[in-house]
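What follows draws every value from the coordinates through simple rules; no lab data is involved. All figures in this text were calculated on a predicted structure; none of them were measured in a lab. Using ideal geometry, Cβ is built from the backbone for each residue, glycine included, and neighbour counts are taken over all protein chains shown.
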Amino acid sequence: MTVPVHGPGGELGVMSLYSDLNEKVFANTVDEYQYDVHVLSMHFHDAVQKALMKVEKVPKPIPLTEREVEILQWTATGKTAWEIGSILNISERTVNFHLQNAMGKFGVHNKVHAAAKAMSIGLISSAN
């Protein structure tokens, strides 16, 4: 018996069972336990995926400057570039310069995504 399993990220797994029972007895056993084997296959696939994620290499930290982190923190609170510039006593253009640098380092295309990514890796705290 072979059960294909598809993960949420497109991962594919296959669980196969073999028995030395005669074909008719095995077919009856498969019919009786088909649902249980399918559920077991999904749980096993999920456990393997979680274990593999733990052994993957930890990505190198992204070297943001203190100013980039500070601006991302203010961005996470919902401040505009103009407001951040006023708070930090720098120009709006300078704020946007630092945001563009941080976005490039994270490989994202907008400041909200950059702030969310910084939050997800613990560089900044959630907006209060």
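Remarks
- Alpha-carbon spread of region 2-55, three principal axes, descending order, Å: 41, 18, 14
- Over region 66-120, volume per residue of the alpha carbon convex hull, in Å³: 64
- For the chain, the spread of Cα positions along the three principal axes, ordered from largest to smallest, is 81, 25, 22 Å.
- Number of Lys pairs (Cα under 22 Å; 8 or more positions apart or on different chains) in the chain: 12
- Taking label points 7 Å from Cα along the Cα-to-Cβ direction, L17 and Q100 give a separation of 6.1 nm.
- Charge dipole (debye, nearest 20) of region 66-120; +1 at Cβ of Lys and Arg, -1 at Cβ of Asp and Glu: 160
- Calculated FRET value between H6 and Y33, using beta carbons and R₀ = 25 Å, to 0.05: 0.75
- Between the helical axis of 23-55 and the longest alpha-carbon principal axis of the chain there is an angle of about 20 degrees.
- In nm, spacing of pseudo-spin labels at N110 and E66 (7 Å Cα→C-beta vector): 3.1
- Around the amide H of V5, modelled in the peptide plane, lie the amide H atoms of G13, V14, M15, all under 5 Å away and 5 or more residues distant in sequence or on another chain.
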